[in-house]
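Peer 1: One structure, pasted below without further comment.
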Amino acid sequence: MKNLDIQVTYDFICPWCWIGEEKLERALEASGFSEKSRLTFVPYLLNPDMPVDGMDRKEYRSSKFGSWARSQAMDAQVTQAGKSSGLIFNYDIVEKTPNTMAAHRLVWRQQLNGGDATELVHAIYKAYFGDGLDIGDLEVLANLASNYGHDRDATLAFLQSDEGANDIVQQVAGRYRAGVHTVPSVSINGRIVSGAQPVEIFAEVLKLSEPAKHVELSATA
């Protein structure tokens, strides 16, 4: 039985979410909790007003952070942090800041009937940050899903519909109401870990969150 319920609130546009997810996975493995945990991904939209087709990344980031130079400095910091966790960020080939709704819907579909979306989530992060792909492009997402046993044409038809969109909006609104203002935000049996914390921090919270084992003591004559 899974005795650790872990909810990861995330957005694919957030590099710290990828780094935090990697650190969480390492903590689960090192602490022996991988087989004891049920991992669920809860969507968040850092750019809720992003056009469906996304925006030119240089233009968007320059506007958001005041200059392209500042954006590049932030990218360098993220790249170094990612490298220490074994993740490769190739910002020089990322041309677009995407709308992440479709990617969230794909994960929603994977989890709809209790499916594990961990590998799919990792693949989408890598596609964007590592391979420079536009993860707002439905064809790109359908191709990624096909690598994990999903029928490509059926996946594309799903993505071209609006199925799951309302659920995503409701889940995001629920995160706002719960006071989640930054991601990643990880809930481990109700204990909240905010940000891409070190592996040791995640491991400690995992241990603190494990339910106490109930031991039956039998009376002896």
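The values are calculated or read from the model by the stated rules, or taken from the named source; none is laboratory data. Predicted, not measured: the structure shown is a model, and the values here were computed from it. All Cβ positions, glycine included, derive from the backbone under ideal geometry; neighbour counts span all protein chains shown.
Peer 1: Would you check if residue 120 is free of Cβ contacts under 8 Å to residues at least 12 places away in the same chain and buried (at least 21 other Cβ atoms within 10 Å of the Cβ)?
Peer 2: no
Peer 1: Out of (1) out of contact with any Leu (no Cβ under 6 Å at 6 or more places or on another chain); (2) over 18 Å from residue 50 (Cα atoms); (3) at pLDDT 95 or above, the odd one out for residue 127 is which?
Peer 2: (1)
Peer 1: Please specify each residue of the stretch 21-37 satisfying the condition of being closer than 20 Å to residue 106 by Cβ and either assigned to a strand (DSSP E or B) or in contact with a Pro (Cβ under 6 Å, 6 or more places away or on another chain) (or both).
Peer 2: Passing the criteria: none in range.
Peer 1: Here's another thing I want to ask about it. Please enumerate the residues belonging to the stretch 1-35 that are among the aliphatic types (A, V, I, L, M) and in contact (Cβ under 8 Å) with a residue 60 or more places away in the chain.
Peer 2: Passing the criteria: 4, 6, 8, 13, 19, 24, 27, 28, 30.
Peer 1: Continuing with the same structure: State whether one or more residues within the stretch 153-162 are of a type outside the set (Ser, Thr, Tyr), touching a residue at least 24 places away in the same chain (Cβ under 8 Å) and over 23 Å from residue 55 (Cβ atoms).
Peer 2: The answer is yes; a qualifying residue exists.
Peer 1: So, of the residues in the stretch 36-76 that are without any contact (Cβ under 8 Å) to a residue 40 or more places away in the chain and hydrophobic (A, V, I, L, M, F, W, C), which turns out to be surrounded by the fewest Cβ atoms within 10 Å (Cβ to Cβ)?
Peer 2: 69
Peer 1: Of all residues in the stretch 146-168, how many are surrounded by 15 or more Cβ atoms within 10 Å (Cβ to Cβ) and within 26 Å of residue 196 (Cβ to Cβ)?
Peer 2: Number satisfying all stated conditions: 1.
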